[in-house]
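Throughout, read-outs are computed from the coordinates displayed, never taken from laboratory work. All values derive from a computational prediction rather than experimental measurement. Glycine gets a Cβ as well: all are built from the backbone with ideal geometry, and neighbour counts include every protein chain shown.
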Amino acid sequence: MVYPDRPAALAPAGAAFPTAGAAPAEGLPIIRQYLRIAMRWRYVILGITAACVLLGLVVTLLMTPKYMAVTTVEISRESDKVTDFQGVQRDAGVADQEFYQTQYGLLKSRSLSERVALQMRLVDDPKFYEMFRVKSKLDAFQLVDGRYPAAGRATRQRIAGETLLKNVDVSPTRLSRLVDIGFTSPDPDFSAKVANAWADNFIQTNLERKIQATSYGRDLLQKQLAQLKDKLNESQRQLVGYASAEKIINLPSQSSDGKTTAERSIVADDLASLNTALSQATADRIQAQARFEQSGRAGASTEALRNQAINALRQKRAELAADYQRMMVQFEPGYPAAKAIQGQIDQLDRSIAREEGRVSGSLAADFREAQERESALKAKVEQLKTGYLDLRRRSIQYNIYQQEVDTNRALYDGLLQRFKEIGVAGGVGVNNISVVDPADVPQRPSSPRMLVNLALSLLAGLGLGALIAIALEQIDEAIADPGEVERRLGLPLLGSVPKLEHGTPTEALLDRKSEMFDAYLAVQTNLGFTTEHGVPRSFAVTSTRPAEGKSTTALALATTLARAHRKVILVDGDMRSPSIHHLGGVDHDHGLSNFLSGQDDIATLTFQMRDLGFTAMSAGPIPPNAAELLTGNRLALLIERLGEQYDHVVIDSPPVMGLADAPLIASRVEGVIYAVESHGIRTSMVKTALARLTSANARIIGGVLTKFVARKANYGYGYEYGYGYGRQGDKSASDA
């Protein structure tokens with residue numbers, strides 16, 4: 001048989017917290033812990049939740065309806081280009097989110113809100129401040145003849161702008177260039193007007209910023225142009241002055257066939273020309289020299305061979321030489337005709353020689369002329385080289401001045417062109433913001449929303465209730481349910497006993513079908529597993545403080561053991577506040593204190609509890625100091641002698657806190673059963689009491705939760721411990 005209250009493991013002797021089978025609270029799953037807290041404080045959570053929902057309902061009904069009007073605008077990354085001119089501001093990447101975040105910030109700027117307030121004439125409108133419940137004791141809001149004073153206009157403008165800004169909502173549409181500008185107020189017409197005015201003024205301020213930026217750029221360029229112009233003029237004056245001083249004359253650049261020649265000096269041009277002439281003269285001189293040298297070979301020169309007169313003379317001589325040779329065939333050289341022909345030939349030879357001499361003289365003259373011309377050109381070129389090198393030396397500073405002039409002229413021309421472009425672009429209004437959907441007058445209020453507010457109130461109530469429940473759980477140290485005996489105290493749970501609603505404990509124990517009897521029967525059954533020989537032969541029942549149910553527990557365990565056909569004696573160990581004798585209907589003139597004082601006849605000190613079936617011993621006369629009687633060995637002797645006559649000795653021990661009696665008794669018995677009042681004792685006090693018992697080397701068998709009310713338990717115990725003990729008790733008895 002499985003017992004629901006049976007401990008998983010029991011404490012060894014002397015252990016204060018037998019936790020072998022008891023899981024601490026931290027060992028529970030986190031969901032079960034929170035569920036346990038929620039079930040325990042469910043009425044607190046439900047009450048707080050209901051109060052929050054009711055409060056939310058009341059607040060929602062009392063709220064003034066408000067209307068939101070929304071204007072949708074498109075903010076483009078780049079302006080539509082009316083001209084091809086670039087703007088003054090730098091361009092950014094398409095994915096530059098910094099631009100859009102800046103625009104969103106400008107939409108919620110204070111200057112824009114104050115501009116809207118001025119445009120709509122809200123600064124001096126008392127109805128506007130009344131609509132938004134703006135109340136101030138400042139002099140600026142003191143009406144004089146129904147009007148606000150002009151001196152406080154700046155203050156009212158600031159407050160009006162702040163009021164508008166608090167009711168504006170800027171909501172960018174994700175992954176798009178659209179932005180919703182919403183304004184909320186009690187007046188739907190006013191909301192639509194403000195939303196549209198907000199968008200219009202944002203567009204206007206955007207245009208004004210662009211114009212201001214262009215105007216600033218134009219002014220800056222104009223100043224820079226003036227500076228560069230002065231600088232260019234000064235550099236030109238330096239260049240001309242240096243050229244005049246150094247006598248540097250340069251030819252201006254020329255353009256021909258689409259090519260522009262660089263500026264060149266006269267010396268360089270002369271040197272180039274003379275160098276070309278020198279090259280030609282040298283070539284001519286070489287050619288003349290070659291002809292002259294060739295003329296030295298008689299008749300071999302080219303000019304002689306090409307001369308017509310010489311060629312004619314030679315031809316005539318050849319003819320005469322032919323005639324002379326024919327004549328020599330027939331006649332002697334002295335023949336007159338032959339001699340005449342020979343004279344003609346000699347005359348022709350002299351004429352040819354004279355002509356060849358004249359040709360050679362001409363070649364010599366040409367050669368000398370070429371040499372002289374070459375020498376003259378060489379001298380002139382050398383002179384120009386020297387002059388050119390000197391010019392190069394003097395042109396270093398000239399070139400520096402020239403570069404400065406060119407640089408200043410390029411900067412001036414570039415700025416001048418930029419200035420012209422900005423002047424044209426500044427007159428063209430470009431805008432990258434446009435209204436997509438203007439705000440319409442809202443037909444229904446946007447707030448309050450009943451369902452949303454109630455849902456929020458419900459969530460807030462649940463959250464607040466949960467926080468308060470957790471706080472109460474941390475503050476509350478009372479044992480709420482049987483499981484906490486093991487989790488908080490580390491004691492094996494022997495059983496839980498319901499709170500007796502009607503009658504006396506004796507009457508409940510006499511009724512075998514009562515819930516109390518079934519509960520203690522389960523405790524007695526679990527005691528059978530605490531030792532090797534079953535129920536301990538001697539044990540004491542104690543508690544932290546009085547009225548926790550320890551006496552009832554001792555009485556009930558004695559009764560259940562007696563009904564199990566065991567011979568049991570119940571000893572009233574509380575000699576300071578005895579109670580067992582009342583149940584037997586006797587006095588306490590004879591009892592435990594008598595034996596501890598020296599009386600050895602036990603039979604005279606006991607009486608029979610016939611209706612419950614066991615023997616009892618009262619506390620006896622109240623001694624001056626009960627602790628002194630318990631310190632001796634008489635208590636151990638009594639337990640030993642009673643153990644010889646009875647199967648079980650049950651001692652109703654006094655409470656632990658404040659007294660030394662309970663630890664003294666606990667150290668003499670085989671085990672201690674600890675009674676804990678449900679919902680009545682703090683855990684810290686119980687732990688302190690258990691520590692005292694531990695210091696006395698007492699063996700704490702387990703705990704019994706008394707006065708337990710199922711409906712106050714955390715959850716589930718109405719079923720598990722719900723005391724259908726009429727059936728469970730019979731079953732336990734049969735199994736036992």
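Centre-to-centre, using Cα atoms only, the range 97-166 and the range 607-673 are separated by 88 Å. Between rounded, prolate and oblate, where does the range 583-654 land on the alpha carbon gyration tensor, with a ≥ b ≥ c its root eigenvalues, rounded for a/c under 1.5, else prolate if a/b exceeds b/c? Note, shape of the range 583-654 comes out oblate.
With a/c under 1.5 counting as rounded, go ahead and sort the range 545-601 into rounded, prolate or oblate using the C-alpha gyration tensor (a ≥ b ≥ c being the square roots of the eigenvalues; past the cut-off, prolate if a/b is larger than b/c, else oblate). Judged from the Cα gyration tensor, the range 545-601 comes out oblate (a/c at least 1.5, b/c at or above a/b). Ordered from longest to shortest, the equivalent ellipsoid semi-axes for the range 459-566 are 34, 17, 12 Å, each the square root of 5 times a Cα gyration tensor eigenvalue. Size of the range 359-505 from its Cα atoms: along the principal axes, largest to smallest, the extents are 175, 60, 34 Å. Here the scattering of the range 511-611 is modelled by Debye summation over its C-alpha atoms, one equal scatterer each and no solvent; at q = 0.25 Å⁻¹ the log10 of I(q)/I(0) is -1.49. Averaging 1/r over each pair of different alpha-carbon atoms in the range 92-143 and inverting the result gives 13.7 Å, the Kirkwood hydrodynamic radius. A full extension of the chain between D601 and V436 corresponds to an added length of 48.3 nm, given 0.36 nm per residue minus the alpha carbon distance. Percent of C-alpha pairs per 10 Å bin in the range 96-201, short distances first: 14, 45, 27, 11, 3, 0. Dividing the Cα radius of gyration of the range 134-186 by its Kirkwood radius returns 1.21 for Rg/Rh.
For the range 151-230, the equivalent ellipsoid derived from the alpha-carbon gyration tensor has semi-axes of 38, 20, 9 Å in decreasing order.
One decimal place: the segment N697-L62 gains 221.8 nm when fully extended, by the rule 0.36 nm per residue minus the C-alpha distance. With 30 Å as the limit on Cα-Cα distance, the pairs of K108/K223; K231/K380; K193/K420; K135/K193; K66/K108 that go past it are K108/K223; K231/K380; K193/K420. Near I700: Cβ cut-off under 14 Å, other residues only, Lys/Arg at +1 and Asp/Glu at -1. The net charge is +2.
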